[in-house]
Protein chains: 2
Amino acid sequence: MTVACVSRKTKPGARRKLVLDQFAPYRIVALGHAISGRLARAYRDENITIPEWRVLAVIGEANEVAARDVVKRTPMDKMTVSRAVASLEQKGFVKRAPHKDDRRVSMLSLAPEGQDVFDRIAELALAFEDDLMSTLEPEEAAAFRLALEKLEEKARLNGQVE
Amino acid sequence: MTVACVSRKTKPGARRKLVLDQFAPYRIVALGHAISGRLARAYRDENITIPEWRVLAVIGEANEVAARDVVKRTPMDKMTVSRAVASLEQKGFVKRAPHKDDRRVSMLSLAPEGQDVFDRIAELALAFEDDLMSTLEPEEAAAFRLALEKLEEKARLNGQVE
DNA sequence: CCAAGTTAGTAACATATGTTACTAATTTGA
DNA sequence: TCAAATTAGTAACATATGTTACTAACTTGG
């Protein structure tokens, strides 16, 4: 157990100036934006939006899920998911099957064409990840992933309150 | 001898399965989303949108800038900036002054009230950053910031192509 | 049972954001 | 010197996204 030493480099009471380039939350959001834009190319060629891709990915990972599970596993609200699913079904990428004993729920699965699309995008996405992360040494990358996890945990917890 | 089966060794092009929770780009975007949501509370109380806050921050940092400079320094396109500036001017937070010798350009600066708003939000934002980053040990935090920088560089460069 | 509450999903509306195309001002270069 | 290209900024349109509130299907507790 480590001692939570919240030391900062600045003196207590000294008012820091906010400088965007050194403001970590901003840097993280900006990086996310850049990444989204970069990945968007892979979706665009398949006529898939970002929410649609996320839905595809969750189904592709779990084989059969309900829409509510997609909501739990991604940063999208249920309306966004609902729209994405409707569009994917329309395109013939996703199938709905009635839930065994809850008629409100449909179970989602990939149609053959949806599986193909998923595979193609997944390949590009993984290649992008490799390329991106190759800028970091292996230990750096591992540390980065760990830090991401901790920060997300923290950000989500705080988000819970109100 | 015959080749029995597919090697499991990871090599370039080898097919991994895409698992969202282990897919770094997704984790980064998700963290960005969580952070945005968390910070939004500070803006909301001041009736400031995220693009408006970014504009305020850039002006607050540089004292006098043109809108185009805001575009260069943030992940927003010029229309988004234009709207944010218009709104901020309407609210009396930002002033426009004609550029010395280019009549297309207005120089933006903070009105006194804008400075107040900026100061209040900046204080909350810095406190949030402290809280967020306190989950990391000082060396972890430093490594994380460095990694962020490298990744952003890489993501932006790739974004250039095409 | 069955009234009250909860949950899954969607419709309808409001707002936000991106895209295209335009105006006006400036720069370029033949 | 002036036609063509570039740049700053905005308008108008299309699309995407969030919010509220609703329906239908379940669950619960008396």
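The values are calculated or read from the model by the stated rules, or taken from the named source; none is laboratory data. Everything numeric in this text was worked out from a predicted model, so none of it was measured. Positions of Cβ are generated from backbone atoms using ideal geometry, with glycine treated the same way; all protein chains shown enter the neighbour counts. Heavy atoms of the whole protein, side chains included, go into the accessibility calculation; ligands, DNA and RNA do not. Shrake-Rupley method; radii C 1.70, N 1.55, O 1.52, S 1.80 Å.
Considering only residues that are at the interface with chain A (Cβ under 7 Å from one of its Cβ atoms) and crowded, with 20+ Cβ neighbours inside 10 Å, look in the stretch B:37-57 and name the one that is farthest from A:L56 (Cα to Cα).
B:A57
Based on what the data block shows, is B:S87 within 11 Å of DNA strand C (Cβ to nearest atom), among the small types (G, A, S), open to solvent by 10 Å² or more (accessible area, probe 1.4 Å) and more than 14 Å from chain A (Cβ to nearest Cβ)?
For B:S87, the condition - within 11 Å of DNA strand C (Cβ to nearest atom), among the small types (G, A, S), open to solvent by 10 Å² or more (accessible area, probe 1.4 Å) and more than 14 Å from chain A (Cβ to nearest Cβ) - is met.
For the stretch A:74-84, state whether one or more residues are more than 10 Å from DNA strand D (Cβ to nearest atom), surrounded by fewer than 21 Cβ atoms within 10 Å (Cβ to Cβ) and assigned to a helix (DSSP H, G or I).
No, because not a single residue in the stretch A:74-84 is more than 10 Å from DNA strand D (Cβ to nearest atom), surrounded by fewer than 21 Cβ atoms within 10 Å (Cβ to Cβ) and assigned to a helix (DSSP H, G or I).
Keeping to the stretch B:20-73, report how many residues are in a helix (DSSP H, G or I) and farther than 24 Å from B:K100 by Cβ.
Result for the stretch B:20-73: 30.
Within the set of pairs 6+ apart or on separate chains, which have a first residue in the stretch A:122-148 that is more than 7 Å from every other protein chain (Cβ to nearest Cβ), a second that is surrounded by 18 or more Cβ atoms within 10 Å (Cβ to Cβ) and modelled with pLDDT of 95 or more, and C-beta atoms under 6 Å apart?
Listed pairs, sorted by first residue: A:A141/A:M133.
Just to check your reading of the model, which residue among B:V65, B:V70 is within 14 Å of chain A (Cβ to nearest Cβ), within 16 Å of DNA strand C (Cβ to nearest atom) and open to solvent by less than 100 Å² (accessible area, probe 1.4 Å)?
B:V70 is the lone residue from the list that is within 14 Å of chain A (Cβ to nearest Cβ), within 16 Å of DNA strand C (Cβ to nearest atom) and open to solvent by less than 100 Å² (accessible area, probe 1.4 Å).
For the stretch B:81-109, which residues satisfy the criterion of being touching a Gly at 6+ places or on another chain (Cβ under 6 Å) and under 13 Å from B:V65 (Cα atoms)? Spell out how you get there, then give the answer.
Of the residues in the stretch B:81-109, the ones touching a Gly at 6+ places or on another chain (Cβ under 6 Å) are B:93-94.
If the condition is that a residue be touching a Gly at 6+ places or on another chain (Cβ under 6 Å) and under 13 Å from B:V65 (Cα atoms), then B:V94 is the only one that fits.
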